[in-house]
Amino acid sequence: MIWENLVCLNSDVEPSFEVLGPARDYHATDSRLGDWTALDYKAALERDTAPLPLTSDREGYYGPDHFSYWASGLADARYLLEAAAQLGVDPQYYLDMGCASGRVLRHMAHERQGMRALGCDINRLHVEWCNRYLPANCTVFQNHSIPSLPLPDNSVDIVSAYSVFTHIEALETAWLMELRRILRPGGVAWITVHSELTLQDMTTDWPLWNPTMSHPEAATKLDAQRNFVGDRMVLRWHSDRSYASNVFYKLDYLKKTWSRFFEIADVRRRFPTFQDVLILRKPA
Ligand SMILES: C[S@@+](CC[C@H](N)C(=O)[O-])C[C@H]1O[C@@H](n2cnc3c(N)ncnc32)[C@H](O)[C@@H]1O
């Protein structure tokens, strides 16, 4: 074990990737094509010629449905830009924290071509993947699980963290402080979470069901109605590495505590699929 891997992932792995073709190669055969009828994707599909990551290089998202993986990122990018516009932000500088292999980042770079699109991830393999294959206005760097980012104060217009705070087992408020530091006044943060209502809504076909219900502590931390005690519940799988847990918050806690760091512009339940999103604004 090298020390970096206590706070990062795969820092000592020399990457070599196989890649898929561009999204258009997988459009006709996608088994979930019907999910995207409301998404205006034709022009985006034409212009995005970059390869797609293998399922194993994208955190397993959408399994064999490579087009759906691509379309989900486009939908998320558009929701984000729409929310930012509603709050009066026209982004020139964007950061996707925990970007993995660029599910959302690749689209942000296309949707706003003049924009500087940054990503970061604790997993070096994701960082290398993005820097090899994403458009040239994307730059991705490796961070670690201690809350600090090598970016100037008041510099970023929008920051997103999709399915990242759902796994941050420690130092969550310090991460909020760090995101607040880099955002410019009036800047917007889009952070997805699992709440106590996620647990209530969860059915056996959700990706979250197995890792939650098969956890050895689920029986003691959750009652028969899937309620937990306290402000948040951490189901930790490994004690010696980062990104090793599923984390659930009470929405009341989030509203009360996160509003010490940001204005809470909106809380959207199950938006657009399984997770809840907090849309936050750094006071102007
Ligand atoms: C469930 S995946 C979501 C990936 C991506 N955001 C998406 O929606 O496709 C979580 C990602 O967050 C990364 N991650 C976990 N903790 C992190 C941290 N403290 N800082 C940056 N990235 C982190 C993981 O390496 C992983 O790539």
| message | Keeping every protein chain present and rolling a 1.4 Å probe, give me the accessible area per residue for the chain in Å². | response | 45 Å²
| query | What is the local net charge at Leu87, summed over the other residues whose Cβ is closer than 12 Å to its Cβ (Lys, Arg +1; Asp, Glu -1)? | reply | -3
| said: Just to confirm a number: summing +1 for Lys and Arg and -1 for Asp and Glu over residues other than Met97 whose beta-carbon lies under 10 angstrom from that of Met97, what do you get? | reply: -3
| task | Report relative contact order for the chain in percent, whole number only (criteria: Cα-Cα under 8 Å, sequence separation at least 6). | result | 16 percent
| message | Which one, Tyr93, Tyr243, Tyr41, has the greatest fluctuation when you compute a Gaussian network model over the chain with C-alpha springs under 10 angstrom? | response | Tyr41
| note | Helix-only [θ] at 222 nm, the chain, -39500 (n - 2.57) per DSSP H run of 4+, per residue, nearest 500, equals -7000 deg cm²/dmol
| message | Can you order the peptides 230-237, 217-224, 102-109, 193-200 by their average number of other Cβ atoms within 10 Å per residue, highest first? | response | 102-109, 193-200, 230-237, 217-224
| remark: The relative contact order of the stretch 1-145, taking Cα pairs under 8 Å that sit 6 or more residues apart, comes to a percentage of 24 percent
| message | Could you give me D for the stretch 142-190, from Stokes-Einstein at 10 °C and 1.306 mPa s, where the hydrodynamic radius is the Kirkwood radius over C-alpha pairs? Units µm² s⁻¹, please. | response | 142 µm²/s
| said: To check you understand DSSP bridge types, tell me what percent of the beta bridges within the chain (both residues inside) are antiparallel, rounded to 5. | reply: 45 percent
| note | Quick calc of log₁₀ I(q)/I(0), the chain, Debye, one scatterer on every Cα, no solvent, q values 0.08, 0.09, 0.11, 0.14 1/Å, result -0.33, -0.42, -0.64, -1.08
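I need to check one value: relative contact order of the stretch 181-284, counting alpha carbon pairs closer than 8 Å and at least 6 residues apart, in percent.
For the stretch 181-284, the relative contact order is 40 percent.
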| Protein accessible area in the chain, 1.4 Å probe - carbon and sulfur % | 52 percent
| said: Just to be sure I follow: if Rg is taken over the C-alpha atoms of the stretch 181-284 and Rh is the Kirkwood radius over the same atoms, what is Rg/Rh? | reply: 1.01
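The values are calculated or read from the model by the stated rules, or taken from the named source; none is laboratory data. Given the structure is predicted, the values throughout are model-derived calculations rather than measurements. Neighbour counts run over all protein chains shown; Cβ positions are idealised from the backbone, glycine included. Each accessible area value is taken on the protein alone, full model and side chains, heavy atoms only, with ligands, DNA and RNA left out. Shrake-Rupley method; radii C 1.70, N 1.55, O 1.52, S 1.80 Å.
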